[in-house]
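The values are calculated or read from the model by the stated rules, or taken from the named source; none is laboratory data. Being a predicted model, the structure only gives us computed values, none of them experimental. Here the Cβ positions follow ideal geometry from the backbone for every residue, glycine too, while neighbour counts run over all protein chains shown. Heavy atoms of the whole protein, side chains included, go into the accessibility calculation; ligands, DNA and RNA do not. Shrake-Rupley method; radii C 1.70, N 1.55, O 1.52, S 1.80 Å.
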Amino acid sequence: MTANGPAAEATTVEDEPSATAADDGAAGTESESALATARRQLERAAAHVDVDPGVVERLKHPTKVQQVSVPLRRDDGSLEVFTGYRAQHDDVRGPYKGGLRYHPEVDADECVGLSMWMTWKCAVMDLPFGGGKGGVAVDPKTLSEEETERLTRRFAEELRDLVGPKSDVPAPDMGTGPREMAWFMDAYSMQQGETTPGVVTGKPPVIGGSYGREEAPGRSVAIVAREAIDYYDRDIEETTVAVQGFGSVGANAARLLDEWGASVVAVSDVDGGIYDPDGLDTGDVQDHDERPGMVSGYDAPGTLSNAELLELDVDVLIPAAVGEVITVDNVDDVRADLIVEGANGPTTFAADAVLEERGVPVIPDILANAGGVTVSYFEWLQDINRRQWSLDRVHEELEAEMLDAWEAVRANVDGKGLTWRDAAIAVALSRIGGAKEARGLWP
Ligand code: NAD
């Protein structure tokens, strides 16, 4: 199959409303909070699982949400105070696990919603972790390197009582990376009086980070896309793919699918995208980290907006940039046969329902991009054992974990006729419900 060219009208994804309104329970409302979406997804999937309704009610609420003030001495000597959060959703299966993001729109509701998705993600992968998420409401682009370091160290100090290798293990997320994790780990270790690599994952390998962690979410997106292509009786060599967001997740997913024979016809970054109906040479497209804004610097036959990319007539669409990009406003124009979610929450609840009605499968974020937290789990194991794995071992074990999770979800899709999202949450919920029922309610 070939891809049809982009439509003439150009709008941008940046025009989409952002997920800020906490309109919990307003069925069908677009631009709801991540928390409202996560709760509605939970209710929907719970109808297909034999689980105590009390457990479902409990899972609609986080265990704890900590809000902290993070004062920062700016380079010019002035003082600014930022607000930070850590949401701990559930730890019945093990320590809370999830990223810390630096983004101006971080708030408590967003952290709780994202922490719920982390609980499902860890359970669907059968990892011994629960869900957490946090961050600081700050635009990291406005901070110097020294300011970012001071902010990270102070944030680590404010969260010190909450986090730890056995209790809550943060990781990188939007606006943070190995550098911030190294500072966080150092700040925590200095106060604890002992080097504690297991307090965060996503560190540089030289201080206990895992090889392959950075590329893991993109790799899992590619693995899951490959399995889905096969499940729907397509040949990967004849499959066209469009990827929105050419960052850590999108670039790695695009390059692997390209390597495995798919034709990646379009990719984009925040400034727009490039398009070649014969397939881009993804190895030659520079990603966001290599040189921001350079996607458009590639010599492609065509360019397109982010909105146009989502509407391309391709076999597989991978939204791998930000949340809420497929909404009721554009879902009717989405022409892909299959959607594999690279970003967290790229499809709104209402758009998901439209795609289900149209018979367009959506492989959910909690399965597709779970390679990140899976290799974080490998990193945590390596830290505890003080023994580093080779990149080959990481790749092999990730492949095996992804295939196990894929099979568990696929069994629910085939056996119960569920959507891929309902099936994935159902797998997670039965594992979490089983653990909760076995442990009982304390006291
Ligand atoms: P990144 O910052 O490395 O890359 C993001 C890419 O998206 C960049 O190319 C950027 O230019 C582009 N982008 C930003 N805003 C955009 C917009 N409004 N429209 C179109 N493109 C835009 O980020 P990443 O780590 O690749 O994360 C992407 C998504 O994947 C996020 O939703 C993140 O939560 C999710 N995710 C990341 C990881 C991880 O470990 N990196 C793991 C799981 C899920």
message = One residue is enough: does segment 370-386 have a residue meeting the conditions open to solvent by 10 Å² or more (accessible area, probe 1.4 Å), basic (K, R) and out of contact with any Phe, Trp or Tyr (no Cβ under 8 Å at 6 or more places or on another chain)?
response = yes
key: Flag if R40 is surrounded by 14 or more Cβ atoms within 10 Å (Cβ to Cβ) and more than 25 Å from L441 (Cα to Cα)   = no
query = Does I318 satisfy the criteria of being closer than 17 Å to V267 by Cβ, in the same structural domain as R226 (by TED's automatic domain parsing), aliphatic (A, V, I, L, M) and away from the ligand (no atom under 13 Å from the Cβ)?
reply = no
request  = Return yes or no: is S376 small (G, A, S) and modelled with pLDDT under 95?
outcome  = no
Failed item, numbered, when Q286 is tested on (1) more than 11 Å from the ligand (Cβ to nearest atom); (2) within 22 Å of the chain's Cα centre (by Cα); (3) open to solvent by 10 Å² or more (accessible area, probe 1.4 Å) = (1)
request  = With respect to G272, determine if the residue is in contact with a His (Cβ under 7 Å, 6 or more places away or on another chain), in the same structural domain as L338 (by TED's automatic domain parsing) and either within 13 Å of the ligand (Cβ to nearest atom) or not aliphatic (A, V, I, L, M) (or both).
outcome  = no
key: Selection from segment 401-443 of residues that are assigned to a loop (DSSP other than H, G, I, E, B), surrounded by fewer than 16 Cβ atoms within 10 Å (Cβ to Cβ) and modelled with pLDDT of 95 or more   = G417
task = Go over the candidates E308, E357 one by one and state the one that is part of a helix (DSSP H, G or I), more than 10 Å from the ligand (Cβ to nearest atom) and buried (at least 24 other Cβ atoms within 10 Å of the Cβ).
result = E308
ask   = Before we move on, is V221 within 14 Å of the ligand (Cβ to nearest atom), within 23 Å of the chain's Cα centre (by Cα), outside any helix (DSSP H, G or I) and surrounded by 24 or more Cβ atoms within 10 Å (Cβ to Cβ)?
value = no
